[in-house]
Amino acid sequence: CVLCGRTDDCPEKYGEKRTYVEYNLTVHYYCLLMSSGIWQRGEEDEGVDGFLITDIKKEVNRAAKLKCNICKKKGASIGCVAPKCKRSYHFPCGLQRECIFQYMEDFRSYCWEHRPVQKFTDKEPRGASPCTICLDLVEHLPVYTVLKSPCCKNAWFHRECLQYQALSAGIFFFRCTLCNNKDIFQKEMLRMGIHIPERDASWELEENAYQDLLHCYQHCDVKRCLCKKGRDYNEPDSKWEIKRCQYCGSRGTHLACSSMKSWEQNWECVECRSIFAKSGKYGKRKKSALATTEKTNGTTCLLEEPPPKSPRQSSGSPRNFLLQSPKITCQNMSPCSHLELSASNRVTMSLSPVMSNRNWSLRYKHLRERRREVCKLLKELKVQVKTKTTRLNINAENIWGSALKGFRQRIFSPTNTIEVNFSNCKNRSKTNTSAASKHHFFQLLMLHLQNSSLFEGSSGKNLSLDFQAVKENLYFEAGKMIAVSLVHGGPSPGFFSKTLFNCVVYGPENVKPALEDIADVDVAQTIKTIKYANSLSSLQSTLQDCCEFLAAAGCLRPVTALCDKNMLVNDILVYHVIKRITLPLESFRQGLKTLGVLEKMQMHPDVFSSVLCHNPERLSAETICDLFTIHSSSDVNKVEGADFWMGFLQDVESGESVVTLEDILLFVTGSYYIPSIGFDPEPTIKFLHIKYPIGNRLLNCLELPITQTYQQFKNKMELTIRNTLRVERE
């Protein structure tokens, strides 16, 4: 290098080393950038990134007269900008002597005596904590090699780790690893000499960087494979689609070979099931909602040997009152208000027309009213969404990976209208409408989040502690995805525990966890042993046995009375459920701030708990009836075909039809569920003199034929819906 005189080629330290044969010139980019006597007087494509060749030669001549205060050799082109400081040095010498170079504005340089430092107060915690990038310990000391985050009190980094991350992430993705702050964090890091290149992230520039993630295990491992085309045959969206073990992912089964009717059902391989059985956890885990409905002779669909096919189960009783009070609007009349509810992961169950449990009925009615309020609040937030579109290319077999890439792309904005293209499913890219693809994407995404390692628990879930997820900022992305799903017409999660919801809305310092929030069976058993100790000696003996556990939780203390156990149990619960996941929770809350969702949650906590902490209501004939508005110019009681429509809904609900209520909803709207924000436009029904029913997904309009008999109406409905959905799947 003509400026520093070194032959080192280390882009991370000295920038790119460039040689220009025609000018007989070799130079390190950083040496050129930080030299005190040269400026970019040309355009970007002139000379060396705007530095003219004549100016570079003049700077070399100027530096040849200056001696480096560090190595004592000539050619020191960089000088300290502090007033009255006469020190000069080479760029590599400055790095070695811990000088600071600011890659912004005037590209200033400070010597080791005048360099900027971060302020440390007396209240700063001493000791050491993990660097949130490499996870090795970093001392809390005001030294050159250590930097602290300006936006997070407990975030400490090695300077070298930050520099490597900045070079990899670039200016668009370099941010605080805990709170995801970008502006304040980048400003402070630039001040402290971290170089943030003005380019896209390295992983975005690498071609086919994620190819290896697309290879999935595809082999049926059940004892008796029923597929005639072999164990390796996989046909998406059919009974011959291969489902992988939800725990190890290294074993698979055809849906039909394990008697699974839906891809969303969970499946465990024999090895994983035996591990759970030995640990005692298998019997305590709750099966998925759909899995609970598929029982045959006391065994479930998780068995390796498929059970005999069971007869169709009735999912409800006929609703006589539907014929008495249909929701019908005539011309010049405003539609009645209707209930719009989320319906992913529904549980099939039977309900009698008259609820025998009045308390449950009142609670159910109250829940529905709250969900109506959620619909109104989310529509207020949707005003922010613009007509400008952002397209997400989604791989259905790698929902999380492709969704994460889409949400992190530079052009993604939550205020843009989202379009989804399933790149690996020919049928979805050709036949599904944009809205249908988007509904399906958000449903799969919320289901993945519910079963991911970011959450723990059986039904009501809390955040788990996953250091790798913290490092990759996945908790923020999960919160962001949930917020975007709610506002853009996706299903609500419905799996939050009350404790997690309260931590998000009220702050963790105002929440008291319960024993049910502990997901780890061993930890829960230890807490129970302490809680139910009936004498001081047994309590002290228990504490002696688990002293390491208590020390790790910061709860190791002398106990002199039996009543001390109550405070001890509370402290252990607070540590395991709240303090332990402080960083994931804060990151998760930051993600939920997207589109103002968290602010609405904090303003209306009771309302939002109905969609975040409760399973979505199952589809019923009553729900579908309330959802659709029947448009007609006739008198309300003389609408042709209205009684056939509601009679058909009754038959479907009671299992007397070959289609399901979900099939009807999918046929009309392209969605299996009713979004928390409702459908836009609102679903309508028209009775016309046509041969077969038509589902217009752009308008959410169901056009029904007027027939002479109910049987004709039912046959046409079943034939059209079944064939339409079958063609889409094929």
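The values are calculated or read from the model by the stated rules, or taken from the named source; none is laboratory data. Every value quoted in this text rests on a predicted model; they were computed, and no experiment measured them. When we count neighbours, we look across all protein chains shown, and the Cβ atoms used for this are built from the backbone with ideal geometry, even at glycine. Ligands, DNA and RNA are excluded from the accessible area calculation, which covers all protein heavy atoms including side chains. Shrake-Rupley method; radii C 1.70, N 1.55, O 1.52, S 1.80 Å.
Structural remarks
- Solvent exposure of the range 128-204 amounts to 45 Å² per residue of accessible area, where only protein heavy atoms count and the probe is 1.4 Å.
- Protection-proxy order for peptides 127-137, 368-378, each taking the mean of Cβ atoms within 10 Å per residue, highest first: 368-378, 127-137
- Ellipsoid semi-axes for the range 35-193, based on the Cα gyration tensor and the rule √(5λ), read 33, 20, 12 Å when sorted largest first.
- Percent carbon-and-sulfur accessible area, the range 17-110, ignoring ligands, DNA and RNA, probe 1.4 Å: 47
- With all protein chains modelled, accessible area of Asp466 [1.4 Å, Å²]: 40
- Relative to the 2.2 N^0.38 Å rule of thumb, the range 157-260 has a C-alpha radius of gyration ratio of 1.78.
- The range 17-110: equivalent-ellipsoid semi-axes (sqrt of 5 x gyration tensor eigenvalues, Cα, Å): 22, 15, 12
- When each of Lys229/Lys716; Lys58/Lys84; Lys58/Lys86; Lys73/Lys119 is checked by Cα-Cα distance, pairs over 32 Å: Lys229/Lys716; Lys73/Lys119
- Computing Rg and the Kirkwood Rh from the Cα coordinates of the range 385-615 gives a ratio, Rg/Rh, of 1.08.
- Solvent-accessible area of the range 385-615 (1.4 angstrom probe, protein heavy atoms only): carbon and sulfur portion equals 50 percent.
- Relative to its Kirkwood radius, the Cα radius of gyration of the range 621-727 gives an Rg/Rh of 0.93.
- Counting heavy atoms of the protein chains alone, Cys555 has an accessible area of about 10 Å² for a 1.4 Å probe.
- Seen from every direction in turn and averaged, the convex hull around the alpha carbons of the range 128-204 projects onto 4.6 nm².
- All Cα pairs of the range 130-169, percent lying beyond 13 Å: 48
- Burial order of peptide ranges 33-46, 443-456 (average beta-carbon count within 10 Å, highest first): 443-456, 33-46
- Lys593 - accessible surface, heavy atoms, 1.4 Å probe, Å² rounded to 10: 110
- Proximity of backbone amide H atoms, modeled 1.01 Å from N, is registered between Asn416 and Lys386 at under 5 Å, excluding neighbours fewer than 5 places apart on the same chain.
- Overall dimensions of the range 516-633 as given by Cα atoms, namely Rg and Dmax in Å: 22.8, 82
- Backbone amide hydrogens, once placed in the peptide plane, bring Cys555 within less than 5 Å of nothing, excluding anything fewer than 5 places away on its chain.
- The convex hull around the C-alpha trace of the range 454-561, projected and averaged over every direction, spans 8.7 square nanometres.
- Accessible area in the full protein assembly, largest first, 1.4 Å probe, for His28, His604: His604, His28
- Using the 1.4 Å probe convention, the accessible area of the range 600-730 works out to 40 Å² per residue with neighbouring protein chains retained.
- Cross-link pairs beyond the 25 Å C-alpha cut-off, checked among Lys386/Lys438; Lys405/Lys600; Lys123/Lys148; Lys123/Lys579; Lys461/Lys579: Lys405/Lys600
- Carbon + sulfur, % of accessible area of the range 180-275 - ligands and nucleic acids excluded, 1.4 Å: 49
- Arg726, Arg589, ranked by accessible area, largest first (probe 1.4 Å): Arg726, Arg589
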